[in-house]
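Everything below concerns the one structure shown next.
Bear in mind that the values in this text are calculations on the coordinates, not laboratory data. In this text, all values refer to a predicted model and were calculated from it rather than measured experimentally. Neighbour counts run over all protein chains shown; Cβ positions are idealised from the backbone, glycine included.
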Amino acid sequence: MRWTRDLGEGLFWVTACFLIGWLAYPYLPEKVPTHFNAQWQPDGWMSREMTLWFMPLMLAILWGVLTLCFWLAAIEKGQLRLEQYDLRLLLGIRTLMGAFMLAIHAAILAVGLGWLGSPRPVILPAIGVLFMFIGSILPKLKRNWVAGFRLPWTLVSDEAWRAANKFGGYGFVAIGVLFLLAPLLPTQFDLALLVSVFVLILAISVQAYLIYRRANVSTS
């Protein structure tokens, strides 16, 4: 990993996040809605000063944590070492996370400026794109300790790992498409989307465990 490239890209996203907040700052109210309930009605506010700094700070922390984790996984010497091809895939996710955080920040600012009634039309499609991209790379990842469905039984079994990440990849893409379409549907649909994510993760965990057990029984 080239630290200058990682630092430069991180600074780009953090600066872009701060810049749009700085441009909006003079026009924001003293209290900006930043948290919303299940009906996407505001139920939490921040001062406009905190709104200006909060998301860039969170983005900087997230970028640093992801970069450190990917670097540690890439220098791992054991079986769970992150291969260079997998590293490039994960760097793509990191870039998308920068764009995702920027989109959320822009949506919050748009609500504060009165341009949007809620951030729902922006946040849900942004989640959809993120899910679809993650889903597209999950089946390509080899066993590692930093990304993918890392369960006790998938980390010790290639067969369980491949099954979990292939199934999970298809599921994430399908749910991502639903998130893209969600703004066209009533807000009650949002809860069903969240439930579907938990059901998918549970199904993946059970499926991978059964495959792991079956492989162990057949070899014993």
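In table form, for the structure just shown:
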| item | result |
| --- | --- |
| Per-residue Cβ neighbour rank within 10 angstrom, fewest leading, Val195, Val122, Val156, Val32 | Val195, Val156, Val122, Val32 |
| Unit charges on C-beta of K, R, D, E only; dipole of the chain, Debye | 660 |
| Restricting region 20-91 to GluC sites (Glu not before Pro) in coil, as DSSP defines it, with at most 10 other Cβ within 10 Å | Glu30 |
| Ranked by how many other beta carbons lie within 10 Å on average, peptides 178-189, 102-113, 136-147, 201-212 from highest | 102-113, 136-147, 201-212, 178-189 |
| Dipole magnitude (debye, nearest 20) for region 68-138, charges at Cβ of Lys, Arg, Asp, Glu | 40 |
| Selection from Pro183, Phe100, Leu7 lying farthest towards where the dipole of the chain points positive, charges on Cβ | Leu7 |
| Viscosity 1.002 mPa s, 20 °C: Kirkwood-radius Stokes-Einstein D of the chain over Cα pairs, µm²/s | 112 |
| Translational diffusion of region 119-220, µm² s⁻¹ [Kirkwood Rh, Cα pairs; Stokes-Einstein; 20 °C; 1.002 mPa s] | 149 |
| Distant-in-sequence amide H partners of Phe36 (H built 1.01 Å from N, under 5 Å) | Asp43 |
| The chain: DSSP helices with Cα axial extent of at least 27 Å and average Kyte-Doolittle hydropathy no lower than 0.0 | 3-24, 48-74, 84-112, 158-181, 188-219 |
